Amino acid sequence: MLAAFDLATGKLYCRIRPRERWREFLGLLKVLRTRRPGEKLYVVLDNFSPHSHAEVRAWAADDDIELVFLPAYGSWLNWIETEFAALPCFALHGTDHRSHAEQNAAVAAYVRRRNARAEPEMPFAPDSPIRSWADYPTKAA
């Protein structure tokens, strides 16, 4: 599963694919771009190698998407990790799916229910002075 969490709406967007290569990740970025045309997007990522593929970086730069890489072993800093922790609890625990298709349908149903009640997320310390002077580096090319 490839997923994105939109703080502005509180919605979770996911794509379930058999593999998680750079091509699938680029497909997710293209979907995100169509959902927010004309806006600069900041995508917070861990250091999974498909995220930093040269073609992904080039496309993102051309389409006004900034890829923000977390430090090694810092995936817990990414807000989406809380969603990944909740998903199995609400969609998979205590189930016995007969196929991947059935399991994927359960995940999709959970995401639809969750998004129906989604609310914008308030970033931590929105008035903090650190937001005006901190320069958060991105992963080196």
Which value in nm describes the separation of the simple spin-label points at W59 and A85, placed 7 Å from the Cα toward the beta carbon?
-> 3.1
Between E20 and A72, what FRET efficiency comes out of the Förster formula 1/(1 + (r/R0)^6) with R0 = 22 Å and r the beta carbon distance, rounded to 0.05?
-> 0.70
Which value, in Å to one decimal place, does the Kirkwood hydrodynamic radius take for the chain when every pair of different Cα atoms is included?
-> 16.7
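Coordinate-derived values only; no laboratory data. Keep in mind the model is a prediction, meaning the values are calculated, not measured. Virtual Cβ from ideal backbone geometry, glycine too; neighbours counted across all protein chains shown.
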